[in-house]
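Accompanying notes for the structure given below.
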Amino acid sequence: MNKLDVKERRAVVTGAAQGIGRAVGERLVASGARLCIWDRDVETARKTAAEIGGDTCVIEVDQSDWAGVMDAARRTEAEFGPVDILVANAGVAGSNAPVVAYDPGEWRRIIEINLDGVFHCCKALLPGMQARGYGRIVNVASIAGKEGNPNAAAYSASKAGVIALTKALGKETAGQDIAVNCVTPAAARTAIFDQMSEEHIGYMLSKIPRGRFLETTEAAAMIAWLCTAENSFTTGAVFDLSGGRATY
């Protein structure tokens, strides 16, 4: 595994208790970064932090709650120091149903976590990056945000919103050494599959030309590099992790 230029950088990774977020955290710590895990599942997050080792802390936060995110940001900077890196990874799949049958409450829940939550995290941590003139933000969207998955309109819409938010924020901060990018993974076999029907999982696999699901370490390799100082020019961009599914 190659070493990245993130030594002593302070990184917040949301949803890093497991899945892609955990793999990103492991990759950053292996290169000397200091990691703060933001997660609702604090018990699993603490177990993960102990297993990752290094200089790693855990803060319990529900990213859909703006006041809670602001509190997490204050606590992180007080206990951990200024944040250089944000990987906004946390999200939920939600239930599968056609739009005409979709529960409005479930729609709002998914948008609040997946889109509002990313906005909250960026809004809370970006001012410190701007004040210091340096920062790296990577938002984890989805191939569903590019193409739209049937029977998953809420998830698809939330991730499309993350893509647009990233593009807007990248342009707003382009005058400083701040890079804001996003990735659009195809499905990886993580705990999020527990929220999906087998039919929907099969649909997603059938769309991937590679013929397999994404490995979390593959996602982490791209995301972690986007967190580095070496990524000094690209911002407001969308990086594909779809195994050949996306054609644009």
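The values are calculated or read from the model by the stated rules, or taken from the named source; none is laboratory data. In this text, all values refer to a predicted model and were calculated from it rather than measured experimentally. Every residue, glycine as well, gets a Cβ built from its backbone with ideal geometry; the counts of neighbours run over all protein chains shown.
Quick check, is Asp62 surrounded by fewer than 23 Cβ atoms within 10 Å (Cβ to Cβ) and in a loop (DSSP other than H, G, I, E, B)?
On the way: surrounded by fewer than 23 Cβ atoms within 10 Å (Cβ to Cβ): yes; in a loop (DSSP other than H, G, I, E, B): yes.
So Asp62 passes the test.
From the residues in region 72-104 that are of a type in the set (Val, Ile, Thr) and assigned to a helix (DSSP H, G or I), which one is farthest from Cys227 (Cα to Cα)?
Pass one, region 72-104, residues of a type in the set (Val, Ile, Thr): 76, 83, 85, 87, 92, 99-100.
Adding the requirement that they be assigned to a helix (DSSP H, G or I) leaves 76, 99-100.
On the way: Thr76: 18, Val99: 36, Val100: 40 Å.
Looking at the filtered set, the residue picked out is Val100.
Answer yes or no: is there a residue in region 149-162 that is surrounded by fewer than 23 Cβ atoms within 10 Å (Cβ to Cβ), in contact with a Ser or Thr (Cβ under 6 Å, 6 or more places away or on another chain), of a type outside the set (A, V, I, L, M) and closer than 24 Å to Asn96 by Cβ. Working first, answer last.
Filtering region 149-162 down to residues surrounded by fewer than 23 Cβ atoms within 10 Å (Cβ to Cβ) leaves 149-151, 153, 156-157, 160-161.
With in contact with a Ser or Thr (Cβ under 6 Å, 6 or more places away or on another chain) added as a condition, the list becomes 149.
Those left that are additionally of a type outside the set (A, V, I, L, M): 149.
In the following step, the residues that additionally are closer than 24 Å to Asn96 by Cβ were identified as 149.
Yes, region 149-162 contains at least one residue that is surrounded by fewer than 23 Cβ atoms within 10 Å (Cβ to Cβ), in contact with a Ser or Thr (Cβ under 6 Å, 6 or more places away or on another chain), of a type outside the set (A, V, I, L, M) and closer than 24 Å to Asn96 by Cβ.
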Exercise. List the pairs whose first member sits in region 105-118 and is more than 14 Å from Ala144 (Cβ to Cβ) and charged (D, E, K, R), whose second member is at pLDDT 95 or above and part of a helix (DSSP H, G or I), and whose Cβ atoms are under 7 Å apart, counting only residues at least 6 apart or on separate chains?
Worked result: Glu106/Ala154
Problem set entry | Single unsatisfied condition, Ser242 versus (1) closer than 12 Å to Val183 by Cα; (2) free of Cβ contacts under 8 Å to residues at least 40 places away in the same chain | (2)
Exercise. Going through region 10-22 one residue at a time, which ones are touching a Ser or Thr at 6+ places or on another chain (Cβ under 8 Å) and buried (at least 24 other Cβ atoms within 10 Å of the Cβ)?
Worked result: Val12, Ala16, Ala17, Ile20, Gly21, Arg22
For this session: Six or more apart or on different chains, Cβ under 6 Å: which pairs go from a residue in region 173-192 that's crowded, with 18+ Cβ neighbours inside 10 Å and modelled with pLDDT under 95 to one that's assigned to a loop (DSSP other than H, G, I, E, B) and hydrophobic (A, V, I, L, M, F, W, C)? Could you list them?
Result: Ala186/Ile208; Ala187/Phe213; Ala188/Phe213; Ile192/Ala93
Exercise. Is it the case that some residue within region 46-53 is over 21 Å from Val118 (Cα atoms) and buried (at least 20 other Cβ atoms within 10 Å of the Cβ)?
Worked result: yes
For this session: Working only within region 2-48, note down all residues that are closer than 17 Å to Glu218 by Cα and in a strand (DSSP E or B).
Result: Val13
For this session: Kindly list the number of the only condition in (1) assigned to a loop (DSSP other than H, G, I, E, B); (2) touching a His at 6+ places or on another chain (Cβ under 6 Å); (3) of a type outside the set (D, E, K, R) that fails for Val69.
Result: (1)
Exercise. Inside region 1-53, can you point out the residues that are touching a helix residue (DSSP H, G or I) at 6+ places or on another chain (Cβ under 7 Å) and among the β-branched types (Val, Ile, Thr)?
Worked result: Val6, Val12, Val13, Thr14, Ile20, Val24, Val29, Ile37, Thr48, Ile52
Exercise. For Leu115, are the conditions met, namely being part of a helix (DSSP H, G or I), within 30 Å of Ala152 (Cα to Cα) and either among the aliphatic types (A, V, I, L, M) or at pLDDT 95 or above (or both)?
Worked result: yes
Problem set entry | The one condition in (1) exposed (fewer than 14 other Cβ atoms within 10 Å of the Cβ); (2) of a type outside the set (Phe, Trp, Tyr); (3) out of contact with any strand residue (DSSP E or B) (no Cβ under 9 Å at 6 or more places or on another chain); (4) modelled with pLDDT of 95 or more that Pro209 fails to fulfil | (4)
